[in-house]
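Here the structure comes first, spelled out in structure tokens, and everything after it is commentary.
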Amino acid sequence: IGISLGVAVLIIVMSVMNGFRTELANKILGFNAHIIVEPYTNPIDFSQFSNNEKLNGLSTDLILTNSGEGVLIGKNTTKGLVLRGYSIDNFQKLKFIKKGDFIGNSMKLIENGISIGRNLSQDYNLNVGDKISIMSTSGVQTIVGTFPKQESFLITSIFSSGLADFDRNIAFLNINSLENLFDKEPSERSLEIYLKNPLKIDSAKETIQSIFTNQYVYSWAD
């Protein structure tokens, strides 16, 4: 009886932990890039790598993006946010967008449009069609000193990633709007790589690092 109970407990614990690991990995991989390549000083020349056989053999999508951290200012609300910028076409390639758990129109990630998470919209009573302001870390020079740059955005859609932390703390902008808000250049854009087999991340990362020798490469596992 003691041996039976011990084996049963071991099997149950292993099953629960394996299920938890799989579910967590699927949620993370469904929302984040599998590998990100960031430039050091020289911009990533996408045309140079887009036809690379090794890269195309590993990946399903290659997406240029930019990001920044700002403060959402809404209805008597302030909230720090991580902001990710995509073009309209690249926004459609994201896995959680393809799943369709979405309110609004994903094609409307136009300039001065923003897509926020479901938990964020519920916490602060924000809906599609509402206007919010985003304050960036970039400053605007005036005759009385430097003030943080602030712009208004229209909520065009509400997404659900399946993880509350992502939905509360991440929002999406048109990449041109993001670069204007944070005074960033297109040369600073990172490359997001989505793999055919993201669970075999170690070998894929080594291969991609050998391709992008002058850039910083890190993966979802990192």
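Restricting attention to region 152-178, the residues being open to solvent by 40 Å² or more (accessible area, probe 1.4 Å), at pLDDT 90 or above and not in a helix (DSSP H, G or I) number 2. Restricting to region 123-140, name every residue that is surrounded by 14 or more Cβ atoms within 10 Å (Cβ to Cβ) and either β-branched (V, I, T) or outside any loop (DSSP other than H, G, I, E, B) (or both). Passing the criteria: D123, V128, I132, S133, I134, M135, S136, S138. Among the residues here, T78 qualifies as closer than 26 Å to D167 by Cβ, without any contact (Cβ under 8 Å) to a residue 24 or more places away in the chain and touching a strand residue (DSSP E or B) at 6+ places or on another chain (Cβ under 7 Å).
If you go through region 70-105 and keep only what is open to solvent by 50 Å² or more (accessible area, probe 1.4 Å) and touching a Leu at 6+ places or on another chain (Cβ under 6 Å), you end up with nothing.
Determine if region 82-89 includes at least one residue that is aromatic (F, W, Y), part of a strand (DSSP E or B) and modelled with pLDDT of 90 or more. Within region 82-89 (the criterion being aromatic (F, W, Y), part of a strand (DSSP E or B) and modelled with pLDDT of 90 or more), the answer is yes, since at least one residue qualifies.
The values are calculated or read from the model by the stated rules, or taken from the named source; none is laboratory data. Predicted model only: the values in this text are computed from it and were never measured. Note that we place each Cβ from the backbone using ideal geometry, even for glycine, and neighbour counts take in every protein chain shown. These accessible areas exclude ligands, DNA and RNA; they are computed on the full protein's heavy atoms, side chains included. Shrake-Rupley method; radii C 1.70, N 1.55, O 1.52, S 1.80 Å.
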